[in-house]
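Before any comments, here is the structure.
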Amino acid sequence: MKQGEDFFFLPTTARFLYRLTAWIVLAIGGLALVGWAFDITLLKSIRAGWNSMKVVTAICLMMLAAAFMWLRAGDPWKRALCRFFCILVCATAAGSLMVYGVVLSTGHDPGWVSAPFFSLFLGPTDRMAVPTALIFLGLGCSLLLLHTGRRGMADAAHALVLPVAVMSYLVLAGYIFSAPSVHAWLGVPVALHTGVALCLLCLGILSARTDTWLMSSLTSPEAGGQMARRLLPLLLLLPLVIGFLRVRGERADIFESEVGVALVAAIYAVSFLFLIWWSARSGNRLQRKTERALREARDRLDLQVRERTAELSRTALYARNLIETSLDPLVTISPDGKITDVNEATINVTGVSRGQLVGTDFSDYFTEPSRAREGYEQVFAKGLVTDYPLTIRHASGRTTDVLYNATIYRSEAGEVQGVFAAARDVTESKKVMRAFIETKNFLDNILESSTRYSIIGKDLNNRILSWNEGAHRNYGYAAQEIIGRDSGILHTPEDIKSGAVDEMMKVAHENGVAEGEFLRVRKDGSRFVATVVVTRRNDASGHPIGYLVISNDISEKKLTEQRLWQASLYARSLIEASLDPLVTISADGKITDVNEATINVTGVSRGQLVGTDFSDYFTEPSRAR
């Protein structure tokens, strides 16, 4: 039987017994009250002529049953009511015993018993019997002790309930042996169903806690507990049965008293022999069952060990294959810096066999042994290192640049066993990095050497990322004061407000390039005209990551064009002011321009004249030609 894990440590059977006894006692008390209310002999005394259960006894039984059921209640009010019922039962029992004491000493009831309230419980015909009062007093105190929930109090409760259980057992024995003097003290007998209910209450209190000095042995799953549970019902019932048969036989004159004693002795001897044989048989069967269970458990354990060993072997082989298939050098290092294991990549990069590597100092295979030693010591101090740069020296003298990542590994007990280190070959990546740096420097030199054109790099959010010398000269900002700022400060507010800037960036984002002429704003607030070309920048996957903006100050060009236009306008006004027809002719005789006087003299518009043959407008075309 397995011990429970709740507050009262009840195993399954004991928990069921605990609840069952409470409900049966509550039913016995309730039915007795119904019998008194409706004068039903069966409910009051079970059989005509037998002793009836007192009303006060029925009420006390119901209160103890309710207190018993609420002993484990979580609601505070139920627990408080449980204590109140126990105290009330103890007070009623103590009052009854007090009255009996006065009767024994004076020969009559005390005067206060006739008071209206006390007469209901302590009147001559209503008070409970002396054994009942003693048993109720013991049961009430036991329940109060159990209510504390402490193990020591539970031990005391079970110690107190034992003599109470013996008295309850005697009440039943008195009825079975037809010996009323056993339970009828001072002329007040105990009813049969009262004795049954009291025995059930004792059984319930004992089953309420199975972790006490008494019940822990009886409910133990071991052989002693199982044997006790088998023998206890027989030991309690057998004396009652044998005694009942002897009493009945003697009263029916089947045999004399001396013969009855001899028969009882013989029956007890046979019964005990049977119990001993049954106990031995059960013990042997239990031992064989235990041995068989041990063998089966040992066989299962052996099987599990073999399966676990095979699983560990497979796991170790799998882990070893993973280590060996790694292209990076892997090594384990003991706390004193000695190599304990390596993979094939480590053998290849050092040019030394596994047998020669294992047991040697880890730092001996690097161009800087002291730095290598500092690395693994740092792992033991901090728990790990990442991207620790070292250079491995091959047996042939060749070197390999690596970055080490290392961490400690522990045993199941948490003790540090060593370091697991993995090296990543960065020789090629260093070459690529050097080439990248050289290319970047070359491009930076090109950008910086361009002083005429502004070359500006920015991200997708228009934040300036790069700034060349040409941009410095054109805009007036130094690189350190403009990088990181929004490129909107280089545009006029008018262009930003009109949406021209956003439109150009949209075209560049969609088509890859956009260009146009814009007014630009210098650091001092002055403006200049520039041609602007925006090119979208993509990453290696072709996704946009920013823009490259190249601009050129064309203010001088614009000024020259304006002067030429003004000069042309001045020459035109001179031509138009002439009253004589003026015309310009190309090498092939076509009219390229005319003045107003020519239009008037020919009656043909300028648009119709330009491009036609000059000689067509004369009376002698050949002569004009």
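The values are calculated or read from the model by the stated rules, or taken from the named source; none is laboratory data. Only a predicted model underlies this, so the values are computations on that prediction, with no experimental measurement involved. Note: ideal-geometry Cβ built from the backbone for every residue, glycine included; neighbour counts use all protein chains shown. Surface accessibility is based on the protein's heavy atoms, side chains included, excluding ligands, DNA and RNA. Shrake-Rupley method; radii C 1.70, N 1.55, O 1.52, S 1.80 Å.
Please go through the stretch 407-416 and pick out each residue that is free of Cβ contacts under 8 Å to residues at least 40 places away in the same chain and open to solvent by less than 80 Å² (accessible area, probe 1.4 Å). Steps first, please.
Going residue by residue through the stretch 407-416, those that are free of Cβ contacts under 8 Å to residues at least 40 places away in the same chain are 407-408, 410-415.
T407, I408, S411, G414, listed by residue number.
For the stretch 199-215, check the following and say yes or no: at least one residue is among the hydrophobic types (A, V, I, L, M, F, W, C), at pLDDT below 85 and in a helix (DSSP H, G or I). First the steps, then the outcome.
Restricting attention to the stretch 199-215, the residues satisfying the condition of being among the hydrophobic types (A, V, I, L, M, F, W, C) are 199-203, 205-206, 208, 213-215.
When the remaining residues are screened for being at pLDDT below 85, the result is none.
No.
Would you be able to say whether some residue in the stretch 73-96 is open to solvent by 50 Å² or more (accessible area, probe 1.4 Å) and at pLDDT below 85? Outline the logic, then answer.
Narrowing the stretch 73-96 to residues open to solvent by 50 Å² or more (accessible area, probe 1.4 Å): 74-79, 81, 83-84, 87-88, 91.
When the remaining residues are screened for being at pLDDT below 85, the result is 74-75.
Within the stretch 73-96, one or more residues are open to solvent by 50 Å² or more (accessible area, probe 1.4 Å) and at pLDDT below 85.
Testing T400 on (1) at pLDDT below 90; (2) open to solvent by 40 Å² or more (accessible area, probe 1.4 Å), one condition comes back false. Which one is that?
Single failed check for T400: (2).
What are the residues in the stretch 595-625 that are of a type in the set (S, T, N, Q) and part of a loop (DSSP other than H, G, I, E, B), if any? Please lay out each step first, then the result.
Initially, the stretch 595-625 is screened for residues of a type in the set (S, T, N, Q), giving 595, 598, 600, 602, 605, 608, 612, 615, 619, 622.
The answer is N595, S605, T612, T619.
Which pairs have Cβ atoms under 6 Å, sit 6 or more apart or on different chains, and link a residue in the stretch 597-619 that is closer than 14 Å to I585 by Cβ and polar (S, T, N, Q) to one that is open to solvent by less than 60 Å² (accessible area, probe 1.4 Å) and part of a helix (DSSP H, G or I)?
S615/P621; S615/A624
Within the set of pairs 6 or more residues apart or between chains, which connect a residue that is modelled with pLDDT of 80 or more inside the stretch 572-590 to a residue that is part of a loop (DSSP other than H, G, I, E, B) and open to solvent by 80 Å² or more (accessible area, probe 1.4 Å) with Cβ atoms less than 8 Å apart?
G589/R625
Matching residues to (1) free of Cβ contacts under 8 Å to residues at least 24 places away in the same chain; (2) under 30 Å from L42 (Cβ atoms); (3) open to solvent by less than 60 Å² (accessible area, probe 1.4 Å):
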site	(1), (2), (3)
H108	yes, no, no
D155	no, no, yes
V164	no, yes, yes
P189	no, yes, yes
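Restricting the search to the stretch 114-144, which residues are within 44 Å of the chain's Cα centre (by Cα) and either aromatic (F, W, Y) or surrounded by fewer than 22 Cβ atoms within 10 Å (Cβ to Cβ) (or both)?
Matches in the stretch 114-144: L144 only.
Give me the pairs, please: first residue somewhere in the stretch 26-47 and closer than 13 Å to T194 by Cβ, second residue anywhere and open to solvent by 30 Å² or more (accessible area, probe 1.4 Å) and aromatic (F, W, Y), beta-carbon distance under 7 Å, and either six or more positions apart or on two chains.
K44/W36
Output the residue which, of all residues in the stretch 227-257 that are more than 21 Å from Y175 (Cβ to Cβ) and open to solvent by less than 50 Å² (accessible area, probe 1.4 Å), is farthest from the chain's Cα centre (by Cα).
Within the stretch 227-257, the match that is farthest from the chain's Cα centre (by Cα) is F255.
For G397, all conditions in the list (1) farther than 17 Å from F420 by Cα; (2) in a helix (DSSP H, G or I); (3) free of Cβ contacts under 8 Å to residues at least 24 places away in the same chain hold save one; what is the number of the exception?
(2)
Residues of the stretch 311-346 being outside any strand (DSSP E or B), under 34 Å from the mean Cα position of the chain (by Cα) and surrounded by 14 or more Cβ atoms within 10 Å (Cβ to Cβ), which ones?
Of everything in the stretch 311-346, just one residue is outside any strand (DSSP E or B), under 34 Å from the mean Cα position of the chain (by Cα) and surrounded by 14 or more Cβ atoms within 10 Å (Cβ to Cβ), namely I323.
I'd like the full set of residues that are part of a helix (DSSP H, G or I), among the hydroxyl-bearing types (S, T, Y) and closer than 14 Å to V55 by Cβ, limited to the stretch 88-138. Spell out how you get there, then give the answer.
Of the residues in the stretch 88-138, the ones part of a helix (DSSP H, G or I) are 88-106, 111-114, 116-122, 130-138.
The next check asks that each one be among the hydroxyl-bearing types (S, T, Y); those that pass are 92, 96, 100, 105-106, 114, 119, 132.
The answer is T92, S96, S119, T132.
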